[in-house]
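The values are calculated or read from the model by the stated rules, or taken from the named source; none is laboratory data. None of these values were measured; they are calculated from a predicted model. Cβ coordinates were reconstructed from backbone atoms using ideal geometry, including for glycine residues, and neighbour counts include every protein chain displayed. All accessible areas refer to the heavy atoms of the entire protein, side chains included, with ligands and DNA or RNA removed. Shrake-Rupley method; radii C 1.70, N 1.55, O 1.52, S 1.80 Å.
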Amino acid sequence: MAKLYFRYGAMGSSKTANAIMVQYNYEERGQKALMVKPALDNRDGSRVVASRSGLQAECSFVEEMTLEEAKKYDCVIVDEAQFLTKEQVQLLVDIVDKGNVPVICYGLRADFRGNLFEGSHWLLAWADSIEEIKTVCWCGRKATCNARLSGGRVIKEGEQVLLGGNESYIALCRKHWAEGRTGE
């Protein structure tokens, strides 16, 4: 029986690398896995997902996906799932429940202010399996918060979505996120 999985973690927890490896594992066994991401994520190119470790894979956009198309695959993998809308998460639920295709989503749970993203909110509500991908703060404690940086300082004001990587974000434990300490 197919399931909807939500695997979340803070920035730098290897979510995209995990997604690419899952796709590789399916394909190595002669199965087809569809990699998708929201179209607004254009950091690595319009139809590419890329991890900080150097792994990359071609992908489609979740906005173009249909239930009928998804049924042609053995698995659907979604990167940057935090950027999904409620309606897009509902489509993933339909792919699982009506199409009997497993869907594995990777994304952030919360933004730099500590608020849930829309996609994460609905995945936390509807996923059959919720798993945390762990990473560490500079102090060695588990990092659960995504701190946005500006001029090397933690900021907590601004638009929810600002695409960026290591130059814009750092994963911190809750204590150091609250204090705004980056360890430098």
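May I ask you to derive the relative contact order of region 1-139, considering only C-alpha pairs under 8 Å and at least 6 residues apart, and to give it as an integer percent? Each step should come with its number before you reach the end.
On the way: 277 pairs, mean separation 52.4, N = 139.
Reported as a whole number, the value is 38 percent.
In degrees, nearest 10, range 0 to 90: what is the angle between the Cα axis of helix 15-28 and the longest Cα principal axis of the chain?
Here the helix axis deviates by roughly 20 degrees.
For region 51-184, just say rounded, prolate or oblate: build the C-alpha gyration tensor, square-root its eigenvalues into a ≥ b ≥ c, call rounded for a/c under 1.5, and beyond that prolate if a/b exceeds b/c, oblate if not. Intermediate values should be presented prior to the final figure.
Working: a/c = 2.25, a/b = 2.13, b/c = 1.05.
Prolate shape, in that a/c is at least 1.5 and a/b is the bigger ratio.
Taking 25 Å as R0, compute the FRET efficiency from the Cβ-Cβ separation of N115 and R141 and round it to 0.05.
Working: r = 22 Å, r/R0 = 0.86.
It comes to 0.70.
Tell me, what is the percent relative contact order of region 60-121, built from C-alpha pairs under 8 Å that lie six or more residues apart?
Details: 86 pairs, mean separation 24.7, N = 62.
Here the relative contact order equals 40 percent.
What accessible area per residue comes out for the chain, rounded to a whole number of Å², with a 1.4 Å probe?
Values: 9310 Å² over 184 residues.
Each residue of the chain exposes 51 Å² on average to a 1.4 Å probe.
Do any trypsin sites (Lys or Arg not before Pro) in region 55-100 lie in a loop, going by DSSP, with at most 15 other beta-carbon atoms within 10 Å of their beta carbon, and if so which? Intermediate results must be reported in sequence, preceding the final value.
Numbers: sites: K71, K72, K86, K98; in loops: K71, K72, K98.
The qualifying sites are K71, K72, K98.
In nm, what is the difference between 0.36 nm times the number of residues separating T85 and R181 and their Cα-Cα distance?
31.4 nm
How far is helix 86-97 tilted off the main Cα axis of the chain, in degrees rounded to 10, range 0 to 90?
Compared with the principal axis, the helix lies near 40 degrees.
Can you classify region 1-126 as rounded, prolate or oblate using the Cα gyration tensor, where a ≥ b ≥ c are the square roots of its eigenvalues, rounded means a/c under 1.5, and otherwise it's prolate if a/b beats b/c and oblate if not? Present the calculation step by step, with values, prior to reporting the outcome.
Numbers: a/c = 1.57, a/b = 1.11, b/c = 1.41.
Judged from the Cα gyration tensor, region 1-126 comes out oblate (a/c at least 1.5, b/c at or above a/b).
So, with a 1.4 angstrom probe, what is the percent of accessible area on the chain that is carbon and sulfur?
Values: 4260 of 9310 Å².
Carbon with sulfur: 46 percent of the solvent-accessible area.
Which value in nm describes the separation of the simple spin-label points at S168 and R153, placed 7 Å from the Cα toward the beta carbon?
Label-label distance for S168 and R153, simple model: 2.0 nm.
Give the residue list of trypsin sites (Lys or Arg not before Pro) in region 1-46 that are DSSP loop and have at most 10 other beta-carbon atoms within 10 angstrom. Don't skip to the answer; put the middle values down first.
Numbers: sites: K3, R7, K15, R29, K32, R43; in loops: K3, R29, K32, R43.
In loop regions of region 1-46 (DSSP not H, G, I, E or B), the sparsely surrounded trypsin sites (Lys or Arg not before Pro) are R29.
When the helix-only estimate is applied to the chain (DSSP H runs of n ≥ 4, each -39,500 (n - 2.57), divided by the residue count), what is the mean residue ellipticity at 222 nm, nearest 500 deg cm²/dmol?
Working: 5 runs with 45 residues, N = 184.
Calculated from helices alone, the mean residue ellipticity at 222 nm is -7000 deg cm²/dmol.
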